[in-house]
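Participant: Input: one structure, supplied below.
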Number of protein chains: 4
Amino acid sequence: MSKKPLNIGMIGYGFMGRAHSNAYCKVGNFFDLEYEPILKAVCARNEEKARDFANNWGYESVETDWRALLARDDIDAVDICTPNNLHREIALAAAEAGKMILCEKPLSMNVEEGEEMCQAVESAGVPNMVWYNYRRVPAVTLAKQLLDEGRLGKIFHYRAAFLQDWTISAELPQGGEALWRLDVDAAGSGVTGDLLAHCIDTALWLNGSIQDVSAMTETFIKERVHSLTGEVQKVGIDDACAFMCRFQNGSLGTFESTRYARGHKALYTFEINGENASIAWDLHDLHRLSYFDHSDDSVVRGWRSVHVTDGDMPYMDKWWVPGLQIGYEHSFVHQVADFIQGISDGKPANPTFRDALETQKVCDAVLKSAADRQWENV
Amino acid sequence: MSKKPLNIGMIGYGFMGRAHSNAYCKVGNFFDLEYEPILKAVCARNEEKARDFANNWGYESVETDWRALLARDDIDAVDICTPNNLHREIALAAAEAGKMILCEKPLSMNVEEGEEMCQAVESAGVPNMVWYNYRRVPAVTLAKQLLDEGRLGKIFHYRAAFLQDWTISAELPQGGEALWRLDVDAAGSGVTGDLLAHCIDTALWLNGSIQDVSAMTETFIKERVHSLTGEVQKVGIDDACAFMCRFQNGSLGTFESTRYARGHKALYTFEINGENASIAWDLHDLHRLSYFDHSDDSVVRGWRSVHVTDGDMPYMDKWWVPGLQIGYEHSFVHQVADFIQGISDGKPANPTFRDALETQKVCDAVLKSAADRQWENV
Amino acid sequence: MSKKPLNIGMIGYGFMGRAHSNAYCKVGNFFDLEYEPILKAVCARNEEKARDFANNWGYESVETDWRALLARDDIDAVDICTPNNLHREIALAAAEAGKMILCEKPLSMNVEEGEEMCQAVESAGVPNMVWYNYRRVPAVTLAKQLLDEGRLGKIFHYRAAFLQDWTISAELPQGGEALWRLDVDAAGSGVTGDLLAHCIDTALWLNGSIQDVSAMTETFIKERVHSLTGEVQKVGIDDACAFMCRFQNGSLGTFESTRYARGHKALYTFEINGENASIAWDLHDLHRLSYFDHSDDSVVRGWRSVHVTDGDMPYMDKWWVPGLQIGYEHSFVHQVADFIQGISDGKPANPTFRDALETQKVCDAVLKSAADRQWENV
Amino acid sequence: MSKKPLNIGMIGYGFMGRAHSNAYCKVGNFFDLEYEPILKAVCARNEEKARDFANNWGYESVETDWRALLARDDIDAVDICTPNNLHREIALAAAEAGKMILCEKPLSMNVEEGEEMCQAVESAGVPNMVWYNYRRVPAVTLAKQLLDEGRLGKIFHYRAAFLQDWTISAELPQGGEALWRLDVDAAGSGVTGDLLAHCIDTALWLNGSIQDVSAMTETFIKERVHSLTGEVQKVGIDDACAFMCRFQNGSLGTFESTRYARGHKALYTFEINGENASIAWDLHDLHRLSYFDHSDDSVVRGWRSVHVTDGDMPYMDKWWVPGLQIGYEHSFVHQVADFIQGISDGKPANPTFRDALETQKVCDAVLKSAADRQWENV
């Protein structure tokens, strides 16, 4: 029986454009869903690059103006993969045009924008989702399941870090297509919005709300050449950010992110310590979950390294056989699958814009705390 | 610019049929090649299942007789994903029909069959390849590169194992579509052809020829119900196999495989010890390579865990960014890419049937040695 | 040639009393020193227990009043292994008596006490040292050596944690001989003085001074039965403490300690990220040092696990052969060896009281910051 | 209450002489035993070195002729730490003199010698023990306990290796005091008696008798300068040895040892796969035991890394607190403790000469099999 089409309009063609396109292409081969994503159009200002991208991924058409894309009747869902500073404007227009919206993270440049975007999609009543993809790494989803089952008991500690090392060289420029994440005007912030936002999203999902934060940030390289102007300009982003917090469940949180941790490429880690059990995870080995269960016999009690590749683990019945790992890109496939299933079920896939706004609130509080050297309520 | 079609006829729709189909679908999105695989037809005796498979993967048509598939003019390449006992007959016919052939491993039930198959494809002059996919795990390809650069110096030791634990239960039946690997008539052997063949293929590629072997095998569960007959029948396969060997370069080899190693799902490991450096790899963390370099300063000398995700590592410029791992399925994508590139270049991608015959020779010697309790020359 | 005696008077017989006694007994077998520790007397209020301890370790005599011990002419050095609230008084008297002093950590209950103690030993001109033993774990000493050689370049980040899980049960009492660490009157603080003090001492040694801190503390179990009174009493210590800081070299620090991290027995970890290299260490595998060197060839660059057991590594020429690890207790042997060598050389072994006072200053700032929810200068 | 003396006469002062002396010195501080070892005399041909050794460890006297040592009435127990070729003669004389005997491993140069030694000690009725110290590493003792409790169920596989890399250089001489292990006349064999003997002893203890073996050996460096003669001489030892075997319980064994595995200092590893659980251990992290329990809930099933430092684990109530590891030397302390307890109980501590003879039988069969390229019964 043939599937119903879900016509996708993609805005942007960068790293995330590739990751999402791959997910749209693959999801139907591995998940049995009512709708099938159709790559209807890709939109970018640079027509030649957009056309190359369309050819590579099989998009049927190209647009160079996102308003033109939104005006098309044959687009059901818009995928916003632009730099952060364009999320708001496009999302508001897409909601007004009645499109479903899948938006890259972070939701917005700040809470005010985010609140506006939430109201827009909720008023329009359109399905909406933000690409916090790490929720759908099977080991992370399994962590959520273990927590929901109550295996950990009362939670005492949550700690997370996202460590990279790719901006240590002072020769690296900022801005432009490749390096907009280093340009505060395009990105809004540095590691806080880019990396910590992931850590915060996962934390809120797994451990509930954050009450207040105390943060510090640092910009190690103060000036960099800007790719667009060719001139040395002040660096406005945070190169590193650390914060402490208290969760509403009484647990303590510590978070840290940097792009100056030599030796770590994309080391997103988290650990949760509960009364009865603990969990730890590491993006560099995303197919494993570490688990400690205090109820084990004492002489054989130890951290278990769970190879999350069995069919009874989240999403893993769709892939290969035990022992054979999947990778980074699969988290996006899972998220598309859940988004589509959500459409069928009439239940939105998380995180919605509203869910993602909570992360934005924490990010804003973190940046404010770092600026004024005070504890800030979220 | 549009690509030339490479029309694929797939025979079989099991686990490997899925893995190969996924590779054909994805390769064009990530590799810039002259030819694009077109999923022209899938062939299986069970028409309904074949049709479901075709629908899922986008095969344009279905055949229920592989001879009919071979007779079609619109098929360029045949992919043999059947149980081992059908490889020979199909391959001989496909060669005669002038088709390119991609054949699942092991090449054949024994050396005699394999030799016949080699002669057939070589007489026909058709591109041919065997799916020893682990050569294209980037960490393994990197190991080959390091060896070719001479970083290890004289090799002293090669050790490999492939450990699983999925047949420990005596309740598990043998035979039939799902469990033909446990049926000696369909599989030819047990872990030797299924698992050790992978270890041997990699070893021959990395460390050269094997001279002689001393082996032992064991069948722990002597009888199992047969899925097709419903009757308890003798188990004819080897549940476990270990062998020692000498390589022509003077190094010593030890190999072991079993499906009775509780705790290991698909733990393919190898380690190579050279005069100057050593290498180790593990399928359960396939995106890492362990490397020890004796020329490091003595106080900071240690095994390095290399996270094989950077753009200057084999195949990794095609995927994501440093720190973000790929998985099992990507090895097949790489192999398709190399096969297609080989067509363009007029140079066959390895391992060819002839390459794979060398592995078959070792497997036969291993099984003979285990039977007669003697050292056997390969 | 016979060695000169160094007559030791030990005050206390608990866990640390054992660790130090073992060190005094062993040091002469493994280190070639001018002085040999002689176990002259042990002092404790409970005479029977003191006598048992003396018999076990070979102390020649027993005292029940530490003032009597200090009055003896045949004691050269006093080792203070009492609860923290007695350090000051004993140290002041010992200095006045002209004894060398080896004092357990933390130095004192607070900075004021510590300052007084420093002045006392400096006025008296007696050799003095505090038992921050982790500096003498060979892997940690090696880290210091690598830093001093400039291998890491500019430092960006320092992070440390000391995680335990032994006080999670609400049934555990506080106070008394076994559990004085949970009694704020005896210990002064909870994890801050007990565990974080170790982390801070190492950090100051490896990475220099700390400028300011922002901290939070928590007491998860608010009341516990007191071992001495048998009554439920308020718990005055911090069960957990986390803080952020800036070092004077411009690097950022994050520190955390708790006794509520299920699964961790005594997991003291630190990591240092520099421009050119990074270092990490873990007390649970104290014989290993992790090292990442960015100058390695890019395709074989990775974290190295250095097994710190070779003869060219700190202290390891004194023990066994490569591959054979030493353990926790050896750090005390090394510290005694360095203390004795310091006497011969007329150069004090670190950390002196003055060195340890710096740690006390950070601890006080941390506790103050947690209390007033402000950044505090050290 | 004072302990009874156990007067020790040590023969030899090399690496093992140090390890044993340390054990005699420490055991009384940590174990509550009826007897206390008294270091009565050390014997070696080189009087000066013997005297230095005696001074260092506190031996009361020195002998230069082991027959003189045996003739002394004030020696209760003789500890044989000589090269292997002297074990037999000394042991026979010691038994005749009615001394208890603690003999370094391997027991003897071959089975014939070993049988003679067993008969001598059994006729004389003297307590006797061989220093296969790894049985007393707490993690290994725990493995034995888990096996005895039946946690693993039917055993399918046993694999062990002992890998080193210290003889790769062709410049290394053979023979003499420091390198007698490379001289076949003093050592009897190479890695087989030195390293594999440890693996075999543990295996027999944990997994029962071995029926038959198929082995291969290699000598990579064929000639070396001899330290005593200064001349280039043929190397008579095995540099590497691997063997396969069948145990009487039906499990398969694989063993390998070498001194040419670049990157491994003293990597003794073993793994046991049972129907219900598996165990693995590694000398480089000797304080950990890996354990996999198939009865765990499937979604949280994984290898556990057990940090063997808790008080309810073998021997660990004698040492420090959870999380604080002990090292290599402690295995000797435990063995002395068990030997002394055995005297009190009238029950010999294992392994006795008779136990160690079983290992010798396997070693002899291994060497014979390697020589004649046949399976050999043990």
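Participant: Could you list, in sequence order, all residues of region A:104-131 that are farther than 12 Å from A:Leu357 by Cα and either in contact with a His (Cβ under 7 Å, 6 or more places away or on another chain) or assigned to a strand (DSSP E or B) (or both)?
Facilitator: Keep residues of region A:104-131 that are farther than 12 Å from A:Leu357 by Cα, which gives A:104, A:120-128, A:131.
Within region A:104-131, A:Asn128 is the sole residue that qualifies.
Participant: When you look at D:Trp303, is it within 14 Å of chain C (Cβ to nearest Cβ) and aromatic (Phe, Trp, Tyr), yes or no? Step through it out loud before you land on a result.
Facilitator: Values: within 14 Å of chain C (Cβ to nearest Cβ): no; aromatic (Phe, Trp, Tyr): yes.
So D:Trp303 does not fit the description; no.
Participant: Could you please find all residues in region A:277-293 being within 13 Å of chain C (Cβ to nearest Cβ) and either among the acidic types (Asp, Glu) or assigned to a loop (DSSP other than H, G, I, E, B) (or both)?
Facilitator: The answer is A:Asp282, A:Asp285, A:Asp293.
Participant: Quick one: is B:Asn249 in the same structural domain as B:Cys363 (by TED's automatic domain parsing) and not in a strand (DSSP E or B)?
Facilitator: On the way: in the same structural domain as B:Cys363 (by TED's automatic domain parsing): yes; not in a strand (DSSP E or B): yes.
Spelling it out, B:Asn249 is indeed in the same structural domain as B:Cys363 (by TED's automatic domain parsing) and not in a strand (DSSP E or B).
Participant: Return the only residue of B:Pro322, B:Pro314 being more than 14 Å from chain A (Cβ to nearest Cβ), over 18 Å from B:Ala160 (Cβ atoms) and assigned to a loop (DSSP other than H, G, I, E, B). Quick ask: steps written out before the conclusion?
Facilitator: Numbers: B:Pro322 fails: more than 14 Å from chain A (Cβ to nearest Cβ).
Sole residue among the options that is more than 14 Å from chain A (Cβ to nearest Cβ), over 18 Å from B:Ala160 (Cβ atoms) and assigned to a loop (DSSP other than H, G, I, E, B): B:Pro314.
Participant: Assuming C:His264 fulfils every condition listed in (1) under 24 Å from D:Asn22 (Cα atoms); (2) of a type outside the set (Ser, Thr, Tyr); (3) surrounded by 19 or more Cβ atoms within 10 Å (Cβ to Cβ) apart from one, which condition is it?
Facilitator: All conditions are met except number (1).
Participant: Among the numbered criteria (1) surrounded by 21 or more Cβ atoms within 10 Å (Cβ to Cβ); (2) touching a Pro at 6+ places or on another chain (Cβ under 9 Å); (3) assigned to a helix (DSSP H, G or I), which single criterion is violated by D:Trp180?
Facilitator: The number of the failed condition is (1).
Participant: Something else: What are the residues in region B:225-276 that are of a type in the set (Gly, Ala, Ser), within 14 Å of chain A (Cβ to nearest Cβ) and in contact with a helix residue (DSSP H, G or I) (Cβ under 8 Å, 6 or more places away or on another chain), if any?
Facilitator: At the first step, the residues of region B:225-276 found to be of a type in the set (Gly, Ala, Ser) are B:227, B:230, B:236, B:240, B:242, B:250-251, B:253, B:257, B:261, B:263, B:266, B:274.
Going one step further and asking which of them are within 14 Å of chain A (Cβ to nearest Cβ), we end up with B:257, B:261, B:263, B:266.
Listed by number, the residues that qualify are B:Ser257, B:Ala266.
Participant: While we're on this one: Taking the criterion of being within 25 Å of C:Gly14 (Cα to Cα) and of a type in the set (D, E, K, R), would at least one residue in region C:93-104 satisfy it?
Facilitator: yes
Participant: Restricting attention to region D:63-71, does a residue exist that is touching a residue at least 60 places away in the same chain (Cβ under 8 Å), hydrophobic (A, V, I, L, M, F, W, C) and either under 24 Å from D:Cys118 (Cβ atoms) or surrounded by fewer than 22 Cβ atoms within 10 Å (Cβ to Cβ) (or both)? If you could, list the steps in order and put the result at the bottom.
Facilitator: If we filter region D:63-71 for residues that are touching a residue at least 60 places away in the same chain (Cβ under 8 Å), which is where we start, we get D:69-70.
Those still in the list that are hydrophobic (A, V, I, L, M, F, W, C) too: D:69-70.
Right, trim to either under 24 Å from D:Cys118 (Cβ atoms) or surrounded by fewer than 22 Cβ atoms within 10 Å (Cβ to Cβ) (or both) and you get D:69-70.
Looking through region D:63-71, at least one residue is touching a residue at least 60 places away in the same chain (Cβ under 8 Å), hydrophobic (A, V, I, L, M, F, W, C) and either under 24 Å from D:Cys118 (Cβ atoms) or surrounded by fewer than 22 Cβ atoms within 10 Å (Cβ to Cβ) (or both).
Here's the yes/no breakdown for (1) touching a Phe, Trp or Tyr at 6+ places or on another chain (Cβ under 9 Å); (2) in contact (Cβ under 8 Å) with a residue 24 or more places away in the chain; (3) outside the structural domain of C:Ala240 (by TED's automatic domain parsing):
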| position | (1), (2), (3) |
| --- | --- |
| C:Met100 | yes, yes, yes |
| C:Glu112 | no, no, yes |
| C:Val121 | yes, yes, yes |
| C:Pro127 | yes, yes, yes |
| C:Pro138 | yes, yes, no |
| C:Thr141 | yes, yes, no |
| C:Tyr158 | yes, yes, no |
| C:Leu163 | yes, yes, no |
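Participant: Only one of (1) without any contact (Cβ under 8 Å) to a residue 24 or more places away in the chain; (2) within 14 Å of chain D (Cβ to nearest Cβ); (3) outside any helix (DSSP H, G or I); (4) surrounded by fewer than 22 Cβ atoms within 10 Å (Cβ to Cβ) fails for C:Gly327. Which number is that?
Facilitator: Among (1) without any contact (Cβ under 8 Å) to a residue 24 or more places away in the chain; (2) within 14 Å of chain D (Cβ to nearest Cβ); (3) outside any helix (DSSP H, G or I); (4) surrounded by fewer than 22 Cβ atoms within 10 Å (Cβ to Cβ), the lone unmet condition for C:Gly327 is (1).
Participant: If you take the residues of region B:252-276 that are among the hydrophobic types (A, V, I, L, M, F, W, C) and not in a strand (DSSP E or B), which of them is farthest from B:Trp375 (Cα to Cα)?
Facilitator: Taking region B:252-276 and keeping what is among the hydrophobic types (A, V, I, L, M, F, W, C), we get B:252, B:255, B:261, B:266-267, B:270, B:272.
If we keep only those that are not in a strand (DSSP E or B) too, we end up with B:261, B:266.
Values: B:Ala261: 26, B:Ala266: 28 Å.
Here the residue is B:Ala266.
Participant: Checking C:His198 against (1) over 25 Å from A:Ala161 (Cβ atoms); (2) more than 13 Å from chain A (Cβ to nearest Cβ): exactly one of these is not met. Which one?
Facilitator: (1)
Participant: List the number of the failed condition for A:Thr217; all other conditions in (1) more than 8 Å from every other protein chain (Cβ to nearest Cβ); (2) in a loop (DSSP other than H, G, I, E, B) hold.
Facilitator: For A:Thr217, the exception is condition (2).
Participant: Please work out which one of (1) out of contact with any Asp or Glu (no Cβ under 6 Å at 6 or more places or on another chain); (2) over 25 Å from D:Gly323 (Cβ atoms); (3) more than 14 Å from chain D (Cβ to nearest Cβ) is the condition C:Ser298 fails and give its number.
Facilitator: Result: C:Ser298 passes all but (1).
Participant: Looking at B:Asp201, is it assigned to a helix (DSSP H, G or I), in contact (Cβ under 8 Å) with a residue 40 or more places away in the chain, among the charged types (D, E, K, R) and in the same structural domain as B:His307 (by TED's automatic domain parsing)? I'd like the intermediate steps shown before the answer.
Facilitator: On the way: assigned to a helix (DSSP H, G or I): yes; in contact (Cβ under 8 Å) with a residue 40 or more places away in the chain: yes; among the charged types (D, E, K, R): yes; in the same structural domain as B:His307 (by TED's automatic domain parsing): yes.
Taking the combined requirement at face value, the residue satisfies it.
Participant: While we're here: Give C:Ile11, C:Ile38 a once-over and let me know the one that is surrounded by 21 or more Cβ atoms within 10 Å (Cβ to Cβ), within 23 Å of C:His334 (Cβ to Cβ) and at pLDDT 95 or above.
Facilitator: Details: C:Ile38 fails: surrounded by 21 or more Cβ atoms within 10 Å (Cβ to Cβ).
One residue alone meets the criteria, C:Ile11.
Participant: Any idea which residue in region D:132-158 is surrounded by the fewest Cβ atoms within 10 Å (Cβ to Cβ), counting only those that are among the aliphatic types (A, V, I, L, M) and assigned to a helix (DSSP H, G or I)? Step through it out loud before you land on a result.
Facilitator: Going through region D:132-158, the residues among the aliphatic types (A, V, I, L, M) turn out to be D:137, D:139-140, D:142-143, D:146-147, D:152, D:155.
Restricting the remaining residues to those that are assigned to a helix (DSSP H, G or I) gives D:139-140, D:142-143, D:146-147.
Details: D:Ala139: 25, D:Val140: 25, D:Leu142: 22, D:Ala143: 26, D:Leu146: 23, D:Leu147: 19.
Checking each candidate, the answer is D:Leu147.
Participant: For B:Met1, only one of the following conditions fails: (1) farther than 30 Å from B:Gly311 by Cα; (2) out of contact with any strand residue (DSSP E or B) (no Cβ under 9 Å at 6 or more places or on another chain); (3) at pLDDT below 95. What is its number?
Facilitator: Here B:Met1 clears every test but (1).
The values are calculated or read from the model by the stated rules, or taken from the named source; none is laboratory data. Remember, predicted model here, so these are calculated numbers, not experimental data. Cβ atoms come from the backbone with ideal geometry, glycine included; neighbour counts cover every protein chain shown.
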